[in-house]
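To keep things clear, I will list the structure first and then write my remarks on it.
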Amino acid sequence: MAAPDELAFHEFEEATNLLAQTPNETTTRSDQLSPKGHVAVTVDSGASYGAEDEVEESDKTLLQEEKQQPGFWTFGYYQSFFDVDTSQVLDRIKGSLLPRPGHNFVRHHLRNRPDLYGPFWICATLAFVLAITGNLTLVLAQRRDPSIHYSPQFHKVTVASVTIYCYTWLVPLALWGFLRWRKGVRERMGLYTFLETVCVYGYSLFVFIPTVVLWLIPVPWLQWLLGALALALSAAGLVFTLWPVVREDTRLAAGVLLSVVVLLHALLAMGCKFYFFQPLPPEPMASPHQATSQPAATGLPPTLPRSVAA
């Protein structure tokens, strides 16, 4: 007859074999013995690992939420708005150049990640292109007509920069404030964030960069045709993007808002055309009356007095 110690060791060996078959399981040893005096071994299910993973993920989420966001006066606050790669910027530019009904620029291209990198450089490029092409227009006009006086106009860089950046920030600010007020009146209206609105306006101006370069062609009807085409594409992108937000409002409010948006866009385009691409007036020339009023010098000697002649 086997000793009790041998039986106890045999039970422990069976538990070891069971653990070898299921290495991913955990075991617990109870302090109490079973009624027959054997060691009780409990094998836990794998669900405990899933519960532990969920707890770890929840802890990470809480730590991320508890992490303090940088203030708006710090560089880190604005760094996230410039965290965009080249492919994303090119995709958003392409979306602004090819607007179509039912294609929302914010939903299909921004995807809740507005950036300031693209709008900033688009506005800077447009401002410098306007100033440079405006000066080149005067140079070309002087070569065709020497009576036109030209001097470098560096102040156009400042005028273009202030105009473009103020338009890209102040108009979206007013639009965002108006939509926020209308959302309080009609709760069913949607609303874009302020940065999304700025991003939409910034990318909508890209089409004017090649248009301004093509305005160097000294053909007036072609210049106006290119300007009208660029204005139509840019304004259509704004209307198609804003329509899902304002369609829940009254027809009068939606129509007036979209009309004001298109009108301000047209005023910007026409203002740039008239200010930066108008040649200087020719230099004032002497009139024929002034040229003939003065007696011509004859070169004859003056007549001698009678006393000398005598």
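The values are calculated or read from the model by the stated rules, or taken from the named source; none is laboratory data. Since we're looking at a predicted model, the values are computed, not measured. We place every Cβ from the backbone using ideal geometry, glycine too, and count neighbours over all the protein chains shown. Each accessible area value is taken on the protein alone, full model and side chains, heavy atoms only, with ligands, DNA and RNA left out. Shrake-Rupley method; radii C 1.70, N 1.55, O 1.52, S 1.80 Å.
Taken along the Cα-to-beta-carbon direction at a fixed 7 Å, the label points for Arg251 and Leu191 span 2.7 nm. The convex hull drawn around the Cα atoms of region 166-274, when projected onto a plane and averaged over every direction, covers 6.8 nm².
Per residue, the solvent-accessible area of region 104-240 (1.4 Å probe, heavy atoms of protein chains only, all protein chains present) comes to 51 Å². Restricting the trypsin sites (Lys or Arg not before Pro) of region 130-232 to loop positions (DSSP other than H, G, I, E, B) with no more than 14 neighbouring Cβ atoms within 10 Å leaves Arg186, Arg188. Taking θ as phi - 60° and the Karplus parameters 6.51, -1.76 and 1.60, the scalar couplings of region 190-207 work out to x, 7, 8, 6, 5, 5, 5, 5, 4, 5, 5, 5, x, 6, 5, 7, 5, 5 Hz in sequence order, x denoting glycine and proline.
Spin-label pair Ala266-Leu170: with each label point 7 Å from Cα along the Cα-Cβ axis, the two points sit 2.1 nm from one another. For Ile148, the residues 5 or more places off, or on other chains, whose built amide H falls under 5 Å of its own are Glu283.
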